[in-house]
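Take a look at the following structure, please.
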Amino acid sequence: MFRIGVHVSISNGFAEAIKLAKNIGCTCAQIFSHSPRSWSFTQVEKKEAETFKKRYLKENIKPIVVHESYLTNLATPKQEVYKKTMDAMKKEINMVALLGLKYLVIHPGAHLGAGEKKGLNQIIDSLNQLSDIINKKRVEVLLETTAGSGTNLGYNFEQLAYIIDNTDLPLGVTFDTCHVYAAGYNIATQKGLEETLEEFNNAVGLKRLKLIHLNDSLGELGSKLDRHEHIGMGEIGVDGFRRIINHESLRNVPMILETPFDERRTDIENIAVVKSLRED
Ligand SMILES: [Zn+2]
Ligand SMILES: [Zn+2]
């Protein structure tokens, strides 16, 4: 089954988010566990978590993944932020488990000038510190590929592999098409897509690919610009997405749209475009 969905709001509660996803026509979805621009978590009532779990089991919208907040940074050299990040990570992991979900999508982190190696090693160290709770709660952390803007790490597959290889956790990966393209992997062409997936497989392994963030890219190849565009309206283009959506290594991986909110196109319309490109 084709798993395609969008990021849905939890502003009316977790259980409502599933209804929202269903109304949009999602067969998978992504949520935040709390306001992504805040460090504070609202504790979910047991009853609401139960309602959510029941609905999740009933509806064929799977998986629903949780994306971490925008504030966390496992690679930060700032002690204060790092402490808050580790605390927030534990809360995120708890929330994922409480909702009966499995996947937590995280951005590896930004070193903010401390240096790439140092940043990567701190990420590894942090994940190893969290490994007990991650394993206990049966959560799987998915590292997201980044565009490499600023000092963000995870913009090439070798960095992801370095983290994975040095962590005692079964980490997965979220492949963001906009980020990967902006980072310099030319997935817009057939040849480029094949080469990129081969590189990914060699470094990380396709078996670790658990989620795709399906976004076109406003920025050019290698621009390091993290600006999402509607499917087919950006640099990857319609033909690029037709190949991505149907590629045998990608077609069975759940795809989540994180396309812009503007008057040009709605989520429902982006899903329709994606479905129109899908071949049986
Ligand atoms: Zn993300
Ligand atoms: Zn992005």
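In the list Val180, Val204, Val139, which residue meets the criterion of being free of Cβ contacts under 8 Å to residues at least 40 places away in the same chain and either buried (at least 17 other Cβ atoms within 10 Å of the Cβ) or in contact with a Pro (Cβ under 8 Å, 6 or more places away or on another chain) (or both)? Walk me through it before giving the result.
Working: Val204 fails: free of Cβ contacts under 8 Å to residues at least 40 places away in the same chain; Val139 fails: free of Cβ contacts under 8 Å to residues at least 40 places away in the same chain.
Answer to the selection: Val180.
Which of the helices (runs of 4 or more DSSP H) contained wholly in segment 166-259 include at least 1 residues that are within 19 Å of Leu104 (Cα to Cα)?
Qualifying helices (runs of 4 or more DSSP H): 177-182.
Let me ask you something else. Which condition from (1) under 28 Å from Ser11 (Cβ atoms); (2) out of contact with any Phe, Trp or Tyr (no Cβ under 6 Å at 6 or more places or on another chain); (3) within 16 Å of ligand 1 (Cβ to nearest atom) is the one that Ile123 breaks?
Condition not satisfied by Ile123: (1).
Surrounded by fewer than 22 Cβ atoms within 10 Å (Cβ to Cβ), at pLDDT below 95 and not aliphatic (A, V, I, L, M): which single residue out of Asp239, Asp165, Asp280 fits that description?
Sole residue among the options that is surrounded by fewer than 22 Cβ atoms within 10 Å (Cβ to Cβ), at pLDDT below 95 and not aliphatic (A, V, I, L, M): Asp280.
Within segment 152-179, how many residues turn out to be within 16 Å of ligand 1 (Cβ to nearest atom) and in contact with a strand residue (DSSP E or B) (Cβ under 9 Å, 6 or more places away or on another chain)? Quick ask: steps written out before the conclusion?
From segment 152-179, those within 16 Å of ligand 1 (Cβ to nearest atom) are 152-155, 159-160, 163, 171-179; that's our starting set.
Adding the requirement that they be in contact with a strand residue (DSSP E or B) (Cβ under 9 Å, 6 or more places away or on another chain) leaves 152-154, 159-160, 163, 171-179.
Looking only at that region, the number is 15.
Which of (1) farther than 27 Å from Lys22 by Cα; (2) out of contact with any helix residue (DSSP H, G or I) (no Cβ under 7 Å at 6 or more places or on another chain); (3) within 16 Å of ligand 1 (Cβ to nearest atom); (4) not polar (S, T, N, Q) does Lys207 not meet, given it meets every other one?
Going through the list (1) farther than 27 Å from Lys22 by Cα; (2) out of contact with any helix residue (DSSP H, G or I) (no Cβ under 7 Å at 6 or more places or on another chain); (3) within 16 Å of ligand 1 (Cβ to nearest atom); (4) not polar (S, T, N, Q), Lys207 breaks only (3).
Just give me the residues in segment 144-155 being in a strand (DSSP E or B) and within 14 Å of ligand 2 (Cβ to nearest atom), in sequence order.
At the first step, the residues of segment 144-155 found to be in a strand (DSSP E or B) are 144, 152-153.
Result: Glu144, Asn152.
Within segment 184-196, does at least one residue satisfy the condition of being surrounded by 17 or more Cβ atoms within 10 Å (Cβ to Cβ) and closer than 27 Å to Ala114 by Cα?
For segment 184-196, residues surrounded by 17 or more Cβ atoms within 10 Å (Cβ to Cβ) and closer than 27 Å to Ala114 by Cα: present.
Hey, another quick one. Just a yes or no: is a residue in segment 86-95 touching a helix residue (DSSP H, G or I) at 6+ places or on another chain (Cβ under 7 Å) and surrounded by fewer than 21 Cβ atoms within 10 Å (Cβ to Cβ)?
Checking segment 86-95: at least one residue is touching a helix residue (DSSP H, G or I) at 6+ places or on another chain (Cβ under 7 Å) and surrounded by fewer than 21 Cβ atoms within 10 Å (Cβ to Cβ).
Out of Asp216, Asp280, Asp262, which single residue is closer than 26 Å to Thr151 by Cα, of a type in the set (D, E, K, R) and out of contact with any Leu (no Cβ under 9 Å at 6 or more places or on another chain)?
Within the list Asp216, Asp280, Asp262, the selection yields Asp216.
Check off (1) within 12 Å of ligand 1 (Cβ to nearest atom); (2) in contact (Cβ under 8 Å) with a residue 60 or more places away in the chain for Ser149 and give me the number that stays unchecked.
All conditions are met except number (1).
The values are calculated or read from the model by the stated rules, or taken from the named source; none is laboratory data. Please read all numbers here as calculations on a predicted model, not as lab measurements. Note that we place each Cβ from the backbone using ideal geometry, even for glycine, and neighbour counts take in every protein chain shown.
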